[in-house]
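Values quoted throughout were computed directly from the atomic coordinates according to the rules given, and no laboratory measurement underlies them. Predicted, not measured: the structure shown is a model, and the values here were computed from it. Because the Cβ atoms are built from the backbone with ideal geometry, glycine has one as well, and the counts that use them run over all protein chains shown.
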Amino acid sequence: MGSVLDELKQEAVAMSPAADPKPAKPAQTVEAPDPALSLVPVITPAVGLVASVITTRYQVAILEAQEKAALAAALCRLADAYKLRIQDEKVAAWLGLAATAGAIIMPRVKVPAPAAPADPTPAARVEPPPVAA
Amino acid sequence: MQPDKASVNLYFGMSGTGKTCAALADIAIAPAILFDINQQARLARNAAVCCTPLELIAALEKKSRRICWRGFEMMGAAAFEYANMVAWRLGGYSVFWDEVDMMMAPAHVPVYAYRIINAGRHRGIGIYATARRPAAMSRHLTAASTRALSFRVIGVTDGDYLRRQFFPDLGRDLPQLQPGHALISDAQGERLKKIF
């Protein structure tokens, strides 16, 4: 029995974690997603919203979809370069929703045209047409 | 009458009927390794609690008569076979397999468990196994049983199995057994007995 116990003890020692010469693998760190990406769902609809506001308010030509996309991409790169962040994904999602809704609703809202500036020249008298004798 | 220490004793019954208590009472003072998969306090009472292989070997070196083996958390399913291997190679220690249907599939028996079931008595290794689901037990184990004790069982599948395998005469009374009463089937035949 003594020899059997000795064998079992040696095997148990070999099985124990302390006997493992291999170093423990470092814990794998999961890269956190780039927070700057959270601006993308905000910037794109915001560009659409701003374009809608300008078009409606100032009666300028509506931006094409490709133009809006190009503007949005440029703004995203700018945000990435300056490392602009929205830490909370939920906040980013709500802002994106607000911007998208605004871009949809704004063109449907009738904005009164701005009042024409006053003309400094006196109004011309309109002569009545000559009456035939 | 106490069971033969090197026999195969099975205990069945619903949860809380007293299977574990009956098995521990039958083990009495015989040297035994208790496979505590559920970490029950009553199995650790007056026992050397071992959670690692080194602790188990150390308890055996000290000749502890009752060893509570809780290596399942560290070793997982391999803890069952490891302790069986130790019991087989050492001899002289009975094994208590609590909730054995959780540790062995009906059709697959690990190597050392198989050896203990078939030839453990030659090494002084008795088996005390409890199960809530007799129909889910290993057929090797039930076929090798020398004594079966069942408390109340109401499941249809389990009741039918117990009637066919162990209690052909009294098995119909299984769902109506009173608390503390059990059917026993061994070399002397079937009988109803008040255990507690």
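R0 = 30 Å: FRET efficiency of residue B:25 with residue B:63, Cβ-based, nearest 0.05?
Calculated value: 0.85.
With contacts defined as alpha carbon pairs under 8 Å and 6 or more residues apart, what's the relative contact order of chain B in percent? Before the final figure, lay out each step's value.
Working: 383 pairs, mean separation 52.2, N = 196.
Across chain B, relative contact order equals 27 percent.
For segment B:1-155, give the magnitude of the charge dipole about the Cα centre (Cβ charges: +1 Lys/Arg, -1 Asp/Glu; no others), in debye to the nearest 20.
Approximately 360 debye in magnitude.
Rounded to the nearest 20 debye, what is the charge dipole size of segment B:103-188 about its Cα centre when +1 sits on each Lys and Arg Cβ and -1 on each Asp and Glu Cβ? Please report the intermediate quantities before stating the final value.
Details: 11 positive and 5 negative charges, 54 e Å.
In total the dipole reaches around 260 debye.
Going toward the positive end of the dipole of segment B:39-196, with +1 on Lys and Arg Cβ and -1 on Asp and Glu Cβ, which of B:119, B:187, B:134 do you reach last?
Checking the options against the dipole of segment B:39-196, the answer is B:187.
Could you put A:13, A:50 in order, starting from the residue whose Cβ has the fewest other Cβ atoms within 10 Å?
Fewest-to-most Cβ neighbours within 10 Å comes out as A:13, A:50.
Mind running the shape call on chain B? Use the C-alpha gyration tensor, a ≥ b ≥ c as the square roots of the eigenvalues: rounded below 1.5 for a/c, prolate if a/b tops b/c, oblate otherwise.
Working: a/c = 1.74, a/b = 1.67, b/c = 1.04.
Taking the square roots of the gyration eigenvalues as a ≥ b ≥ c, chain B is prolate.
Specify which residue in the list B:60, B:29, B:10 is farthest towards the positive end of the charge dipole of segment B:1-68, using unit charges on the beta carbon of Lys, Arg (+1) and Asp, Glu (-1), about the Cα centre.
B:29
Would you mind ranking A:82, B:114 by Cβ crowding within 10 Å, fewest neighbours first?
Going from sparsest to densest Cβ surroundings: A:82, B:114.
Residues with amide H under 5 Å of residue B:49's amide H, sequence separation 5 or more or different chain, H placed in the peptide plane at 1.01 Å from N; which?
B:68
Given labels modelled 7 Å from the Cα in the Cβ direction, how far is it in nm from residue A:4 to residue A:67?
9.1
Gaussian network model of chain B, Cα springs within a sub-10 Å range: biggest mean-square fluctuation belongs to which of B:126, B:71, B:180?
B:180
Fewest first, what order do B:51, B:68 take by the number of other Cβ atoms within 10 Å?
In increasing order of surrounding Cβ atoms, one gets B:51, B:68.
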